[in-house]
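Have a look at the structure below, then the notes.
Values quoted throughout were computed directly from the atomic coordinates according to the rules given, and no laboratory measurement underlies them. Predicted model only: the values in this text are computed from it and were never measured. Neighbour counts are summed over all protein chains in view; Cβ atoms, including those assigned to glycine, are modelled from backbone coordinates with ideal geometry.
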Amino acid sequence: QVQLVESGGGLVQPGGSLRLSCVASGLSFSALKLYWYRQCPGKERELVAIITDVRNTYYADSAKGRFAISRDDEKNLVSLQMSSLKPEDTAVYYCNTNDGSRSYWGQGTQVTVSS
């Protein structure tokens, strides 16, 4: 059974940093594109960042210059380093991947940016 488990969320002040992690079991991350999404209160889920199997990265405009996605395939781990956090970054953050037959999601981790 495939499982993605996110961690690292929490309450942080504006301007602060957090590092989110997502670990997979039941499938290998190698050769897969890995994604971070978020769902802000009252809004639809949106793409935040992508990392390919060869470590090309893509960021939503809202994340450029502040967030960094990385991966460790030996650990089946994808991370999202978030810096200079803003209140509008408050959301539930989800990792995602798909193996060509189906899409897999974690349960999400809550990030709250507030003073």
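Taking a spot 7 Å from the Cα of Ser84 along the direction of its beta carbon, which residues of region 1-40 have an amide N less than 16 Å from it? Label zone hits: 14-18.
Treat every Asp and Glu Cβ in the chain as -1 and every Lys and Arg Cβ as +1, leave all other atoms uncharged, and give the resulting dipole magnitude about the Cα centre to the nearest 20 debye.
Details: 12 positive and 11 negative charges, 28 e Å.
It comes to approximately 140 debye.
For the chain, what proportion of DSSP beta bridges, expressed in % and rounded to the nearest 5, is antiparallel? Intermediate values should be presented prior to the final figure.
Numbers: 37 of 40 bridges.
Bridges in the chain that DSSP calls antiparallel: roughly 90 percent.
Between the beta carbons of Tyr104 and Gln13, assuming R0 = 35 Å, the FRET efficiency works out to 0.60 to the nearest 0.05. Cysteines in the chain lacking any other cysteine Cβ under 4.7 Å from their own Cβ: Cys40. Only lysine pairs 8 or more places apart, or on different chains, with alpha-carbon atoms under 19 angstrom apart are counted in the chain, and they number 4. Only Cα pairs under 8 Å and 6+ residues apart enter the sum, and on that basis the relative contact order of the chain stands at 36 percent.
Please give the length that would be gained between Ala31 and Ser70 if that part of the chain were fully extended, namely 0.36 nm times their separation in residues minus their C-alpha to C-alpha distance (nm, one decimal). The partial results should precede the final answer.
Details: separation 39, 0.36 × 39 = 14.04 nm, distance 1.40 nm.
Answer, rounded to one decimal: 12.6 nm.
If the chain linking Gln39 and Gln1 were pulled fully straight, counting 0.36 nm for each residue of separation and taking away their Cα-Cα distance, it would gain 11.2 nm.
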